[in-house]
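Have a look at the structure that comes next, please.
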Ligand code: PMP
């Protein structure tokens, strides 16, 4: 390892909480990034197909310029009357179906989800929340109890459904949600909400069949609960089928949360909800968030929306996603280590036979200059999420590196 990297690691261990974890057997000492690429301290470049924050590509010049320009004019909060949060809310709502009419701006997906759960409980007067069994929804105490992937116990009144990795239709998904409702009601708890990541990223990427979610949404509503679409991962065009992951399922959520890609790296996130929920909630509680909706964050989010439109990133996600799937499909058919290919647009999951194999492929790919991650039960699914701006030639490089990494792991596994 580069001596500078070794020294920085030691300094990090001295001062940063050990609860932080670095990725990969050999950590990436990142010093700069541009487009789909991250460069380390040795000048080695990595194709960043893990990171679903920089949708438009790292350090996008137009987004940076918007942030710098706004930072030199005014950077303040929502207690003054300023135009940017209004403009951002207008732009967001224009991408969402009708009953979703009010926006709360936050700094993180966790803050947005925390508020969504709070509102669902206040508005329904009930406590029960349904999540999937490998879900991740955020870092607050409340949300850790709704994020079974962390290995922590479920929080009070939280019930998990076991997400099938084989395709299920709306009826089967409805039956899973109804089963959780029956279990909670048997405990004397009534349902407040079903919250799911609409591409089930941390469950190992479960995209198909499009429409299956609708059964669960009907079931929760019939029982008096609300449906919260956690769009922190699939939102902002990643599925290649419009701005939001829920669209593929033909449902309209009561609340939508978004974050990660929203500012292409600048902390900005949002909860968007039905008008009536916002109105009723505001009669009970005030909400203020010092940095949520601050001017520079709004400028970053607005510029990100502009770049998504002007550079045709949603179409690109659909086209490059298809190319990736087409290139991955024969590799999966040919490898005894890979069992399934799932995904939509540029959110792709490859099921492997075990968490050890997935980790070995992730680390082999890292040595081959491509960054991906692992997720799902036992961390056995590979998670591939390049920037939506990925080019055809970069897609080709990703596929070649993937094939080499799988071969390497296959050989060493014999
Ligand atoms: N929901 C989902 C589906 C996520 O993946 C994450 C972050 N990994 C969050 C919520 C929380 O977002 P944040 O880290 O911005 O608080």
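The values are calculated or read from the model by the stated rules, or taken from the named source; none is laboratory data. Note that this is a predicted model, so its numbers are computed, not measured. A quick note on method: Cβ atoms are made from the backbone with ideal geometry, for glycine too, and the neighbour counts reach across all protein chains shown.
Does residue 61 fit the bill of being over 30 Å from residue 320 (Cα atoms) and more than 16 Å from the ligand (Cβ to nearest atom)? It would help to see each step written out before you state the result.
Working: over 30 Å from residue 320 (Cα atoms): no; more than 16 Å from the ligand (Cβ to nearest atom): yes.
No.
Per-residue answers, yes or no, for (1) in contact with a strand residue (DSSP E or B) (Cβ under 9 Å, 6 or more places away or on another chain); (2) buried (at least 21 other Cβ atoms within 10 Å of the Cβ):
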site: 1; (1), (2): no, no
site: 8; (1), (2): no, no
site: 36; (1), (2): yes, yes
site: 45; (1), (2): yes, no
site: 53; (1), (2): yes, no
site: 62; (1), (2): no, no
site: 70; (1), (2): no, no
site: 86; (1), (2): no, no
site: 99; (1), (2): yes, no
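Which of the residues belonging to the range 206-218 are assigned to a helix (DSSP H, G or I) and surrounded by fewer than 21 Cβ atoms within 10 Å (Cβ to Cβ)? Walk me through it before giving the result.
Here is the first cut: in the range 206-218, the residues assigned to a helix (DSSP H, G or I) are 213-218.
Result: 214, 218.
With the condition being closer than 30 Å to residue 293 by Cα, I'd like the helices (runs of 4 or more DSSP H) fully within the range 96-199 carrying at least 2 qualifying residues. Spell out the reasoning first.
Numbers: elements: 109-124, 141-144, 170-186.
In the range 96-199, 109-124, 141-144 are the helices (runs of 4 or more DSSP H) which contain 2 or more residues that are closer than 30 Å to residue 293 by Cα.
Of the residues 355, 345, only one is touching a helix residue (DSSP H, G or I) at 6+ places or on another chain (Cβ under 7 Å), on the phi > 0 side of the Ramachandran plot and assigned by TED's automatic domain parsing to the domain that holds residue 36; which? Walk me through it before giving the result.
Working: 355 fails: on the phi > 0 side of the Ramachandran plot.
Sole residue among the options that is touching a helix residue (DSSP H, G or I) at 6+ places or on another chain (Cβ under 7 Å), on the phi > 0 side of the Ramachandran plot and assigned by TED's automatic domain parsing to the domain that holds residue 36: 345.
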